[in-house]
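Take a look at the structure set out below.
What follows draws every value from the coordinates through simple rules; no lab data is involved. Worth saying up front: this structure is predicted, and the values here are computed from it rather than measured. Neighbour counts run over all protein chains shown; Cβ positions are idealised from the backbone, glycine included.
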Amino acid sequence: MGDLTMLRSRHLLGIEDLEPAEISLILDTAVAMKEVGTRSIKKVPALRGRTVVNLFFEPSTRTRLSFELAEKRLSADTMGMTTAGSSVVKGETLIDTARTLEAMSPDMIVVRHACSGAAHVLARVCRSSIINAGDGTHEHPTQALLDAFTIQGRKGRLAGVRVAIIGDLAHSRVLRSNVLLLTRMGAEVVACGPATLIPVGLGRMGVTVTTSIDEACEGADVLMMLRVQHERMHGLFLPSVREYFTLFGLTAARLARAKSDAIVMHPGPMNRGVEIASDVADGNQSVILDQVANGVAVRMAVLYLLAGGEQNEGA
Amino acid sequence: MPVVMDADRVAKSLTRIAHEIIERNRGIDDLRLVGIRTRGVPIAQRLAACLKDITGTEVPTGVLDITLYRDDLMGHDVGPQPLVRSTEIPFDIDGRDVLLVDDVLYTGRTIRAALDALIDFGRPRSIQLMVLVDRGHRELPIRADYVGRNVPTSKKESVRVHLVEIDGRDEVEVA
């Protein structure tokens, strides 16, 4: 049994705020939550009577559905809001939208927003627990947690595991959260991408930075591919998609440079033929669909732990 | 601290209960044991060993974590959530006689949660309850079918069950 039984904050805004023991607590709790998903009745009453609002200001399929499913499996009542067809198109600000929703007394708000720091802003003005489901190019903590859960499930540990993160480093909140989490848990991280997409200061986060995918793949236990985020590129970062694939796409030949039992990960949605070759994405080393399944378990763990409750030792 | 059960008494109780189980169920082919975390788990395993000694039959034994079914998860203050650990019931309980096993029966709330959890796994023919110690003070209409020892207590006292597998010794104390 771990020493820690709770998270220090009632919000999950980023991996940055989490200590290694808190990360372990979430991952351990997710193991139990994963078992719930294997039952014929995949629902437990832990969050009965709690209300969770899913506030998605940016397009999202898997994260939104994953959170919704996690909430439902814990018996919480859920409400969803996406920007299309909401008051946001009429000009309401983020804070006003949140305050309006708060008047309906939800217990938790899951928020995704295109602006970095959006979740932090809500945490300052709201009484509810805020869960960051991705804020701009800043953090996406539940993605990093589910990635870590997947790696731990396959490799049995995080410490000492060599993880190559390859792709659009500049626009990736997935990268940032993963680097913070993996380095904190003792993994060895290599980040690889085109020189135009390497953010300043990445080397100071405790990772090795390279522009050679062959070098990044060499001896890796985990190859984590990042999506090329065309929608966030307001400038000429890449000459062409074909050139990107030639220089940075994960192919079977490059995968062969990694350890023979290396796993291939991708947070989705994938651009086949851009950052990853189809045969690799569908190959037997790919754990991309495991990541989706694990996402539900990890989000259940986060929701459960943040819901809080008074410790009551009764027989 | 007064010791109400020593190692010898714990062992004898389990043997006696094993005989009672066989008598009451007229055979144990459909019996499935489910230990409630934490200390119900080793007790269930020992009971399975007793049943095997007597009948030669291996009784499938599972583990139930009732945390997600507790009725005290509703506090709205920031506070520690009870640690959730895995439930492992690697067999079908439909149509079987399930024997829930726990260390202490007190308010009955744990057993209420365990019944809810178990029923989410299927529809057993019957659910029975075995506890090492029944200390009284029920808050729900729940009773045990097999009891190691009835120990009258006051609500101020606490009953501490120590088991070799977890605590290094077998002993039940009232403090």
*Can you give the average number of partner chain beta-carbon atoms within 10 Å of each beta-carbon in peptide B:86-99, as a whole number?*
1
_Just to confirm a number: summing +1 for Lys and Arg and -1 for Asp and Glu over residues other than B:Lys52 whose beta-carbon lies under 11 angstrom from that of B:Lys52, what do you get?_
-1
*Output the relative contact order of chain A, whole-number percent, from Cα pairs under 8 angstrom with separation of 6+ residues.*
20 percent
_29 Å Cα-Cα reach of A:Lys43 towards lysines, excluding residues that sit fewer than 8 places from it in its own chain_ = A:Lys34, A:Lys72, A:Lys155
_Whole-number Å³ per residue for the convex hull built on Cα positions in the protein assembly as shown_ = 170 Å³
*If each Cα of the stretch A:116-192 is one equal point scatterer, what is log10 of I(q)/I(0) from the Debye formula at q = 0.17, 0.23, 0.27 Å⁻¹?*
-0.68, -1.01, -1.21
*Given R₀ = 51 Å, FRET efficiency for B:Asp94-B:Val164 by Cβ-Cβ distance, to 0.05?*
0.90
*Using the reciprocal of the averaged 1/r over all distinct C-alpha pairs, how large is the Kirkwood radius of the stretch B:1-104 in Å?*
15.4 Å
_Please report the antiparallel percentage of the DSSP beta bridges confined to the protein assembly as shown, to the nearest 5._
10 percent
_Net charge around A:Met233, counting only other residues with Cβ within less than 13 Å of its Cβ (Lys, Arg = +1; Asp, Glu = -1)?_
0
*Post the alpha-carbon centroid distance, the stretch B:120-175 to the stretch A:159-181, in whole angstrom.*
49 Å
_Compute the orientation-averaged projected area for the stretch B:106-175 from the convex hull of its Cα atoms and round it to one decimal in nm²._
5.7 nm²
*So if R0 is 60 Å, what FRET efficiency would B:Asp6 and A:Thr196 give, r being the distance between their Cβ atoms, rounded to the nearest 0.05?*
0.20
*Residues with beta-carbon under 10 Å from that of B:Arg125, excluding B:Arg125: net charge, scoring Lys, Arg +1 and Asp, Glu -1?*
-1
_Proximal lysines relative to B:Lys12, as straight alpha-carbon distance under 22 Å, when same-chain residues fewer than 8 apart are discounted_ = B:Lys52
_Please check: in the Gaussian network model of chain A (C-alpha springs, under 10 Å), which one of A:Met225, A:Met104, A:Met79 has the largest mean-square fluctuation._
A:Met104
*Where does the stretch A:38-150 land on Rg/Rh, using Cα atoms and the Kirkwood Rh?*
0.97
*Using every pair of alpha-carbon atoms in the stretch A:197-315, split the distances into 5 Å bins beginning at 0 and state the percent of pairs per bin, rounded to integers.*
2, 9, 16, 17, 17, 14, 9, 5, 4, 3, 2, 1, 0, 0
*asked:* Could you identify which residue out of A:Glu71, A:Glu92, A:Glu215 has the top mean-square fluctuation in a GNM of chain A using Cα springs shorter than 10 Å?
replied: A:Glu92
*Distance in nm between pseudo-label sites at B:Ile54 and A:Ala21 (7 Å out along the Cβ direction from Cα)*: 4.5 nm
*Could you tell me what % of all Cα pairs in the stretch A:8-96 have separations over 14 Å?*
75 percent
*Quote the FRET efficiency, to the nearest 0.05, computed for A:Asp96 versus A:Ser75 with a Förster distance R0 of 30 Å and r equal to the Cβ-Cβ distance.*
0.50
*asked:* Can you compute 3J(HN,Hα) from phi for each residue in the stretch A:13-24, using the Karplus curve 6.51 cos²θ - 1.76 cosθ + 1.60 with θ = phi - 60°, rounded to whole Hz and x for Gly and Pro?
replied: 9, x, 5, 3, 7, 9, 8, x, 5, 6, 4, 4
_For a quick check: with amide H placed at 1.01 Å from N, whose amide H comes under 5 Å from A:Met224's, ignoring anything fewer than 5 positions away on the same chain?_
A:Ala164, A:Ile165, A:Ile166, A:Met265
*Hey, rough spin-label estimate for A:Glu243 and A:Ser116, points 7 angstrom out along Cα→Cβ, what's it come to in nanometres?*
2.6 nm
*Give me D for chain B in µm² s⁻¹, whole number, from Stokes-Einstein with Rh from the Kirkwood sum over alpha-carbon pairs, 37 °C and 0.692 mPa s.*
197 µm²/s
*asked:* I need to check one value: relative contact order of the stretch A:141-189, counting alpha carbon pairs closer than 8 Å and at least 6 residues apart, in percent.
replied: 50 percent
*Quick one: among A:Thr251, A:Thr100, A:Thr208, which has the greatest mean-square fluctuation in a GNM of chain A with alpha-carbon springs under 10 angstrom?*
A:Thr100
*Taking only DSSP H segments of four or more residues, each worth -39500 (n - 2.57), what value at 222 nm results for the protein assembly as shown once the sum is divided by all its residues, to the nearest 500 deg cm²/dmol?*
-10000 deg cm²/dmol
*Rg ratio (alpha-carbon, reference 2.2 N^0.38 Å) - the stretch A:108-155*: 1.31
_Residue-wise HN-Hα coupling along the stretch A:221-236, computed from phi with Karplus coefficients 6.51, -1.76, 1.60 (Hz; x: Gly, Pro)_ = 8, 9, 10, 10, 8, 10, 6, 6, 9, 4, 5, 9, 8, 9, x, 9
*In whole Å, how far is the Cα centre of the stretch A:7-27 from that of the stretch A:50-123?*
21 Å
